[in-house]
Amino acid sequence: MQNRPEKLINDGVRLDGRGPDEIRPIKIEAGVLNRADGSCYIEWGGNKVLAAVYGPREAHPRHLQDSRKAIIKYRYNMASFSVEDRKRPGPDRRSVEISKVSREALAPVLMLEYFPRSSIDIFVEILQADAGTRTTGITAASVALADAGIPMKNLVSAISVGKADGEVILDLIREEDNYGEADMPVAMITETGDITLLQMDGNLTGEEFIKALNFAKKGCESVYKLQRRSLIEKYEKSCSD
Amino acid sequence: MSEEVVIPGCFLGEGVTAGEGTFVEENRVYSMVYGLVKRDKKEVEVIPLSGKYRPKAGDLVIGKVIESTFSMWIMDINSPYEGLLRLSNYPKRIEKEDMQKEMRVGEMVITRIKEVEFPMRINLAMDDRKCAVIREGVVIEIAHTKIPRVIGKGGSMINLIKKKIGCNIFIGQNGRIWLSGSDEKIELAAETILKIERDAHANRLADRIDRFIKEKKKGKGKNAK
């Protein structure tokens, strides 16, 4: 691991040259896996994430079935090569927690009552990590769910905000996450403004919190546009040729 | 033929009838699935581009027998739910011991969805003229969302294939298609249908398919010589 850079923000310019409220470049592609019912590949700055959705399909084991609605399974998994120091493969405390909160972040938009007794399985694989992998995962999973044709009320977009060198910043990179003062992932239904996930690591004052939330709202709007475009592009591609 | 693609949550209109693939919130109609918008005079509906087959009463489907119990056959109907064909819904009176003679595990059957009970218990029946156990030909599987394209407007596409190839075709609403005829005809029909699935949203699909069949036939002729 490298050492802490002397300054995370220099005259309002961050380590990678962004301003405080700018997001990293994002590339989203829907429908990348043939065997999955829906899928999405996303490159978000240094993050590379693959999401796959299977189902609705029969829920196993049977006692998990709900006769009124579908159940959701969400598996967040980091590849052992996704971080600098090899990550020990398999579920751990952190990934179990992220799977739980991500599942709950997506549940409000899914119309589960259309497929009682079934299971919707979401797999999110982090191939390369550079801070904000849970938000990248939720963003990708949301596109993959739409691609799978699952009835939904809207898409969920997610982004992280935080604080480094005393300044509120949008979409943290690894250095800002590791050495900054706060990190706050936010997921929301962009069109309605409903927040479906909000966690915070570190401290923010009330004022900073409001500012951070406004940054997140703005960030989610950009993310939402890219999510929508990726799905429309997939259709357009299927038309040409 | 420029079509309107929508993602879930797109606003579609106010004061219109909400058709399939949509939901209503405070009198406003939104899309519920990723698909294409179809607007009629009063109704708006979204045709999904993908998704699993959700059984609907009255649909004719092709099921695959996966289990035969003492009173019913359990069938895979290419959906998250199994279909149940009870002995009482079978047209002939048969003894329980003879169930294996009527249809064996692994066989394909054309059957009708009689009713969908809570919670998605699917009862099948063999009460349509077309219902039968499939004992010849081939069954292929495509995405059920592409079935309307294979049928075409008023059956135009399917009639084109039948006329040009001369193969018997039965289309199940669940995405399974039964082809019967000579081996070459089945092969050509299967290739054509898979091409329709691949190019489902291309412009002038009928012309494309017509050309595709012609080219394939020509190619075959040369190989024979």
inquiry  = Can you give me the distance in nm between label points at B:Glu215 and B:Lys41, each placed 7 Å from the Cα along the Cα-to-Cβ direction?
reply    = 4.3 nm
inquiry  = How much of the pair distance distribution for region A:125-217 lies past 21 Å, counting alpha-carbon pairs only, in percent?
reply    = 33 percent
ask   = Which value, in debye to the nearest 20, gives the size of the charge dipole of region B:5-48 about its Cα centre, when Lys and Arg are +1 and Asp and Glu are -1 at the Cβ?
value = 160 debye
remark   = So A:Met111 and A:Asn10, fully extended at 0.36 nm per residue minus their Cα-Cα distance, gain in nm 31.7 nm
query = Short version: which residues of region B:157-201 lose at least 40 Å² of accessible area, all chains versus chain alone, 1.4 Å probe?
reply = B:His201
remark   = Straight-line reach check, A:Lys87, cutoff 16 Å on alpha carbons, 8 or more apart in-chain or any other chain, hits among aspartates and glutamates -> A:Glu125, A:Asp130
remark   = For region A:17-239, the dipole about the Cα centre with charges only on Cβ (Lys and Arg +1, Asp and Glu -1), to the nearest 20 debye, works out at 1020 debye
query = In square angstrom, rounded to the nearest 10, how much accessible surface does B:Ile151 have for a 1.4 Å probe?
reply = 50 Å²
inquiry  = What number do you get for region B:5-48 when its Cα radius of gyration is normalised by 2.2 N^0.38 Å, N = residues?
reply    = 0.95
ask   = Between A:Ile71 and residues 5 or more places away or on another chain, which pairs have amide H atoms under 5 Å apart, with H built 1.01 Å from N, and which residues are they?
value = A:Asp66, A:Ser118, A:Ser119, A:Ile120
remark   = Output field shielding_mean for A:114-125 (other chain Cβ, 10 Å radius) holds 3
task = Write down Rg/Rh for chain B, rounded to two decimals, with Rg from the C-alpha atoms and Rh from the Kirkwood relation over Cα pairs.
result = 1.03
ask   = Accessible area lost on pairing B with A, both sides, 1.4 Å probe, Å² to nearest 100?
value = 2600 Å²
request  = Kindly report, to the nearest 10 Å², the accessible surface of A:Met111 as traced by a 1.4 Å probe over protein heavy atoms only.
outcome  = 20 Å²
Test item: Cα-centred dipole of chain B, Lys/Arg +1 and Asp/Glu -1 on Cβ, debye = 1240 debye
ask   = Reachable aspartates and glutamates from A:Lys225, Cα under 19 Å, same-chain residues fewer than 8 places away excluded?
value = A:Asp21, A:Glu22, A:Glu29, A:Glu43, A:Asp147, A:Asp171, A:Glu191, A:Asp194, A:Glu233, A:Glu236, B:Glu4
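Past the 14 angstrom mark, what percentage of all C-alpha to C-alpha distances in region B:138-224 do you count?
For region B:138-224, the fraction of Cα-Cα distances above 14 Å is 61 percent.
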query = B:Lys214: which aspartates and glutamates have alpha carbons under 15 Å from its alpha carbon, excluding same-chain residues fewer than 8 sequence positions away?
reply = B:Glu184, B:Glu187, B:Glu191
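Show me the three semi-axes of the equivalent ellipsoid for chain A, from the C-alpha gyration tensor (sqrt of 5 times each eigenvalue), largest first, rounded to whole Å.
Numbers: eigenvalues 189, 72, 65 Å².
After diagonalising the Cα gyration tensor, the semi-axes are 31, 19, 18 Å.
Could you calculate the FRET efficiency of A:Lys73 with B:Arg198 from 1/(1 + (r/R0)^6), where r is the beta carbon distance between them and R0 is 41 Å, rounded to 0.05?
Rounded to the nearest 0.05, the efficiency is 0.85.
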key: Span from the region B:2-26 Cα centroid across to the region B:155-191 one, whole angstrom   = 34 Å
request  = Determine, for each peptide in A:132-138, B:90-96, B:208-214, the mean count of other beta carbons within 10 angstrom over its residues, then list the peptides with the highest first.
outcome  = A:132-138, B:208-214, B:90-96
request  = For the protein assembly as shown, state the semi-axes of the equivalent ellipsoid (square roots of 5 times the eigenvalues of the alpha-carbon gyration tensor), sorted largest first and rounded to whole angstrom.
outcome  = 48, 25, 21
remark   = Excluding ligands, DNA and RNA, the carbon-plus-sulfur percentage of the accessible area of chain A with a 1.4 Å probe reads 48 percent
key: Residue among B:Glu115, B:Glu25, B:Glu43 with the largest mean-square fluctuation in a Gaussian network model of chain B, springs linking Cα atoms under 10 Å   = B:Glu25
key: Peptide A:28-40, shielding by other chains (average Cβ, 10 Å cutoff)   = 1
ask   = Averaged per residue, what accessible surface does region B:5-48 expose to a 1.4 Å probe, in Å²?
value = 51 Å²
ask   = Taking the alpha-carbon centroid of each part, what is the distance from region A:92-153 to region B:111-127 in angstrom?
value = 32 Å
key: Accessible area expressed per residue, region A:177-237, with surrounding protein chains retained (probe 1.4 Å, Å²)   = 53 Å²
key: Averaged over A:146-159, number of beta-carbon atoms from partner chains that fall within 10 Å   = 5
task = Would you calculate the separation in nanometres between label points at B:Thr69 and B:Thr17, each defined as 7 Å from the Cα along the Cα-to-beta-carbon direction?
result = 3.9 nm
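Mind checking the per residue accessible area of region A:29-154 for me, 1.4 Å probe, whole number of Å²?
The answer is 41 Å² per residue.
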note = Between B:Arg28 and A:Cys239, Cβ-based FRET efficiency (R0 35 Å, step 0.05) works out to 0.75
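The values are calculated or read from the model by the stated rules, or taken from the named source; none is laboratory data. Just so it is clear, the model here is predicted, and its values are computed rather than measured. Positions of Cβ are generated from backbone atoms using ideal geometry, with glycine treated the same way; all protein chains shown enter the neighbour counts. Quick note on the areas: whole protein, heavy atoms, side chains included, nothing else; ligands and nucleic acids left out. Shrake-Rupley method; radii C 1.70, N 1.55, O 1.52, S 1.80 Å.
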